[in-house]
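Colleague: Got a structure for you, questions after.
The values are calculated or read from the model by the stated rules, or taken from the named source; none is laboratory data. Predicted model, so just to flag it, every value in this text is computed and none were measured. Reconstructed Cβ throughout: ideal geometry from the backbone, glycine too, with neighbour counts over all protein chains shown.
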């Protein structure tokens, strides 16, 4: 059975440290990371908060290349970027040891990651890689994927499941909708932004599990 590790790392261990320091009100959530044969990693990530401040800061960040905005919704946007091959980070450790980045949320104070390892023996390899490359990290919790708090068999976490079920029960997915996102968020006692994030991650995990067959580089087969 696979294991899931919840890991806390400083901003310097994921890249974008300068960006998050210069734009302290922004929150970054990595959606997925694609590895390339040349050693570069391409992260796709959402940014919440002051997008102008983020873009000004990331343009000067030496650990990020070619950050491109792909989609915008109010005060959040989806970006694609590149991390140069010479920039060591916990993302490299995940890719090199065969892990899967389930979730990663960062702000000025650091990053919180959830990493799945299909083989429990990969976790020591992850630790060894980080130590050899001076990547600072702290494992907060490790559990088997079937334990309480772990993502379910579709990769959906308990909070994502709660949000999806609440939205369904409220009629958010009906056409026309019987409830707004704000109303569902109020029912759950969370912000609309937090609900949007949980729904998007939940939808992505469900679709990815049902329809996509990951290739060797973590991207769907045939995707470059």
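Yes or no, residue by residue, for (1) under 28 Å from residue 14 (Cα atoms); (2) assigned to a loop (DSSP other than H, G, I, E, B); (3) modelled with pLDDT under 80:
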| residue | (1), (2), (3) |
| --- | --- |
| 139 | yes, no, no |
| 147 | yes, yes, yes |
| 152 | yes, yes, yes |
| 161 | yes, no, no |
| 174 | no, yes, no |
| 193 | yes, no, yes |
| 209 | yes, no, yes |
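Colleague: May I pose another question? Can you tell me which residues in the range 176-191 are assigned to a helix (DSSP H, G or I) and farther than 15 Å from residue 162 by Cα?
Modeller: 182
Colleague: I'm trying to understand the selection: among the residues of the range 49-67, which are within 25 Å of residue 93 (Cβ to Cβ), touching a strand residue (DSSP E or B) at 6+ places or on another chain (Cβ under 8 Å) and surrounded by fewer than 17 Cβ atoms within 10 Å (Cβ to Cβ)?
Modeller: 65, 66 - these are the residues of the range 49-67 that are within 25 Å of residue 93 (Cβ to Cβ), touching a strand residue (DSSP E or B) at 6+ places or on another chain (Cβ under 8 Å) and surrounded by fewer than 17 Cβ atoms within 10 Å (Cβ to Cβ).
Colleague: Go through (1) under 30 Å from residue 120 (Cβ atoms); (2) touching a residue at least 60 places away in the same chain (Cβ under 8 Å); (3) buried (at least 19 other Cβ atoms within 10 Å of the Cβ) for residue 46 and report which single condition fails.
Modeller: Result: residue 46 passes all but (1).
Colleague: Oh, and also: Does residue 186 satisfy being in contact with a helix residue (DSSP H, G or I) (Cβ under 9 Å, 6 or more places away or on another chain), at pLDDT below 75 and either at positive phi or not assigned by TED's automatic domain parsing to the domain that holds residue 74 (or both)?
Modeller: Spelling it out, it is not the case that residue 186 is in contact with a helix residue (DSSP H, G or I) (Cβ under 9 Å, 6 or more places away or on another chain), at pLDDT below 75 and either at positive phi or not assigned by TED's automatic domain parsing to the domain that holds residue 74 (or both).
Colleague: Here's a follow-up. Can you tell me which residues in the range 86-113 are within 14 Å of the chain's Cα centre (by Cα) and in a loop (DSSP other than H, G, I, E, B)?
Modeller: Selection gives 99 alone.
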